[in-house]
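What follows is calculated from the coordinates using simple rules that are stated; it is not laboratory data. Everything numeric here is computed off the predicted structure, so don't read it as measured data. Here Cβ is always computed from backbone atoms with ideal geometry, including for glycine, and neighbour counts include all displayed protein chains.
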Amino acid sequence: MEKIKEEIALEKQKVEQDLGREVITALDLDYDQLNKKEMKDLATQFKSFYDSLDQQSFDNNEDGLKTNATN
């Protein structure tokens with residue numbers, strides 16, 4: 001069981017690193033120049049953006065339900 005937990009932790013770390021690498025590449029960031037605060041600020045901005053997309057999706061879905069209910 002302990003070995004499985006370690007494998008899951010390693011896989012999670014790999015996914016996090018790959019995601020970070022993809023974001024850095026997509027945004028053409030100079031990661032050598034990023035400090036911890038800038039990384040944290042970027043993460044906060046990504047979360048806010050992601051949350052707004054999630055909320056828009058919810059709002060659009062909710063509007064669709066209202067429209068369908070009145071038709």
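Suppose R0 equals 30 Å; then what is the FRET efficiency for Lys14 and Gln45 from their Cβ-Cβ distance, rounded to the nearest 0.05?
Values: r = 24 Å, r/R0 = 0.80.
E(calc), rounded to 0.05, equals 0.80.
Past 25 Å, Cα to Cα, is the threshold; run Lys14/Lys47; Lys5/Lys40; Lys3/Lys47; Lys14/Lys37; Lys3/Lys36; Lys5/Lys37 against it and keep the listed order. The pairs that break the limit, which is 25 Å between Cα atoms, are Lys5/Lys40; Lys3/Lys47; Lys3/Lys36; Lys5/Lys37.
So between Glu38 and Gln55, what do we pick up on full extension, going 0.36 nm a residue minus the alpha carbon distance? If you can, show how the numbers build up before the last one.
On the way: separation 17, 0.36 × 17 = 6.12 nm, distance 2.55 nm.
Between Glu38 and Gln55, full extension yields an extra 3.6 nm.
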